[in-house]
Each structure stands twice: as structure tokens, then as C-alpha cells.
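Step one of this worksheet: look at the structure below.
The values are calculated or read from the model by the stated rules, or taken from the named source; none is laboratory data. As the structure is a computational prediction, the values presented were derived from the model and not from experiment. Cβ atoms come from the backbone with ideal geometry, glycine included; neighbour counts cover every protein chain shown.
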Amino acid sequence: MVQVAVESGFIDSLIIGIGALVIILIVFFGIYAYSTYVNPKEAKEIKKGKQRKLPLILTAGLSHFADLFAVTEFIPEGILETALFGKGVKRKSLRFQVPRKVTVNSLDVAEGKDEEKTRALLQRVLDLNSEKVILRDARSPVFIAVRDKSVAAGIKGIGALAFIEKLEKLSKVTEQIKALKDTEGFEDIGKLLESFHDEVSLVDFDAIRMNLAFGWDQTIDASIQEQDQNIGFRQAKKGDKDFKTMCLYMGVLLIGVALVIAVVWLVSSGGGGGKA
């Protein structure tokens, strides 16, 4: 039997080295685990957005929770895509079409409504919706989206829609404004609201709601579907390649384990310090 001479000092150094490596790994993973526990996922997404100059999207669904993602451009027409998240078969990504700048040249309105006032108000809403709101320190644009929808909205656009809803309510309080104008001490306020009401009542709010889709390109859906098919084909081919690569890695791993066992056996069998 072949015997290998091993200095006791070498064994001691090896043990110390392995022990130090284990301690370093424990400290490293401890710091990593603490950082992961303390810093929420949203903080990591904001950091990713800042480092890679990516937009951020806040998504909400039917639950009481929202998620924040850093998103990359999916296709040039303005589709943003989140990274894969979830586990197993639930692993997926989300895609949203961001609002685009568009000019409304003409608009069909109901009889008795003012086309120019309605068009101007719709144009202002679309302009605000396409304006970027930047998260101050991250320097990343922020959008808002609903999980089961394919479009995202600008934060200013959401605010504009809320303001329009209030304007529409004002256009329906004719009797209240008249009563206020006829009340002693409130005549001036009543007249001011009446003048404002006369202007607002000329806006066709139904036409605005029906044409908000101008802010998104409806033809992009076909591009997304075609891209999904191409991705599916590539993933199928990648699956076969990944299986072959995994088999190769397993073979290398088994060879490595065999070599380690052989070295340990040689060292242990020559532990007495015998000579070859």
C-alpha cells in the first residue's frame, strides 16, 4: 500500500484555514441575511432602478397590498416588463404599456356640448398622464398600474382624473348653486360658482372618458403576442440546452467529489507519517 508522509504542521494549518473560512462564510451570510431581513424588497428595487437607470412601477391588485418593481423596456413601442418573480409554476413577469404623448386634433361630443372646451380638457389630461414623475433620490420615473391590466398611468394623470371627477360633480349641482345665489350674504359666491358652472357644463365628460385610450397605442397588443410566441420558442430550446448543461455539471461535480474522497483517503492512510 502506498503511504504518504504528511507533516503535522500542514494538518494544523489546513484545519485552521478551513475553520477561518467557515467563520468568514458565517459572518458573510449573517450580514447578508440581516440586510435582507431589514431592507424590504421595495428598497432593493429602488436601488436597482437607481443603479441601472430603470423606471419604477407601483402595482396593486384586489388585495390590500401593492408591489414596487424596477422595470426594463420590453419592446421599443413603450412596453415595460418586470423581472421574473414568484416560485415554481407561479413564476412570471408583468408587462405594462406606459402612456405616450399624443395630440387630439378633433373630438365628437354630444349635442349641446362644446367640442373645443372638451378637446382642450382631454388634451390636458393626456399631457399630464404622459409627464414623468421622478423619485427624487433614485432619479427614476414612477408609474402606477393595476396587476390585471396591461396599461400603466402617470401619477399626474391619476390626479387629473380625480380633478375631472370633481368638475363633473360641480356640473350637476345647478339647484344648489341657485339656492346659494339667492341666500343673503352668499350672493357673490353663488354668482361666481354659477359663472364657473356655465363653463363646466359645456364639457362632455362622457367623451373624455371614452377617449382616454388615446394615451395608449392599441395596436401594440399584436406585437406583444408575437414577442411572447418567440420567447416561448426560445425557452423551449433553452430547456433542452439547460438539461444537457446540467448533466455536464453533474458529471464534473461527481469527478470532483471522487477526487476529494481520494485525497482524504490518501491523507488518512498516511497519517502515521510513513514514507512512500
Residue under evaluation LEU167, criteria (1) modelled with pLDDT under 90; (2) within 25 Å of HIS64 (Cα to Cα); (3) not polar (S, T, N, Q), criterion not met: (2)
Looking only at segment 149-165, how many residues end up being of a type in the set (D, E, K, R) and farther than 18 Å from PHE74 by Cα? 2
With the requirement that a residue be under 30 Å from ASP198 (Cβ atoms), among the basic types (Lys, Arg) and surrounded by fewer than 15 Cβ atoms within 10 Å (Cβ to Cβ), what does segment 96-155 give you? ARG124
Out of the helices (runs of 4 or more DSSP H) lying entirely within segment 160-225, which hold 1 or more residues that are closer than 25 Å to GLU111 by Cα and either outside the structural domain of THR118 (by TED's automatic domain parsing) or in contact with a His (Cβ under 6 Å, 6 or more places away or on another chain) (or both)? 174-181
For residues that are over 23 Å from ALA120 (Cβ atoms) and either charged (D, E, K, R) or free of Cβ contacts under 8 Å to residues at least 12 places away in the same chain (or both), tally how many sit in segment 153-196. 14
Report the residue count in segment 48-64 for those that are under 24 Å from ASP137 (Cα atoms) and either touching a residue at least 40 places away in the same chain (Cβ under 8 Å) or of a type in the set (A, V, I, L, M, F, W, C) (or both). 10
Looking at (1) more than 11 Å from the chain's Cα centre (by Cα); (2) polar (S, T, N, Q); (3) modelled with pLDDT under 85; (4) assigned by TED's automatic domain parsing to the domain that holds ILE208, can you tell me which one SER106 breaks? (3)
Within segment 79-114, work out how many residues are in contact (Cβ under 8 Å) with a residue 24 or more places away in the chain and of a type in the set (D, E, K, R). 6
Report, ordered by the first and then the second residue, all pairs with beta carbons closer than 6 Å, sequence separation of six or more or different chains, a first member in segment 131-152 that is assigned by TED's automatic domain parsing to the domain that holds ASP67, and a second member that is hydroxyl-bearing (Ser, Thr, Tyr). ALA145/THR59; ARG147/THR59
Hey, PHE65 hits all of (1) assigned by TED's automatic domain parsing to the domain that holds ALA213; (2) at pLDDT below 85; (3) hydrophobic (A, V, I, L, M, F, W, C); (4) surrounded by fewer than 10 Cβ atoms within 10 Å (Cβ to Cβ) but one; which does it fall short on? (2)
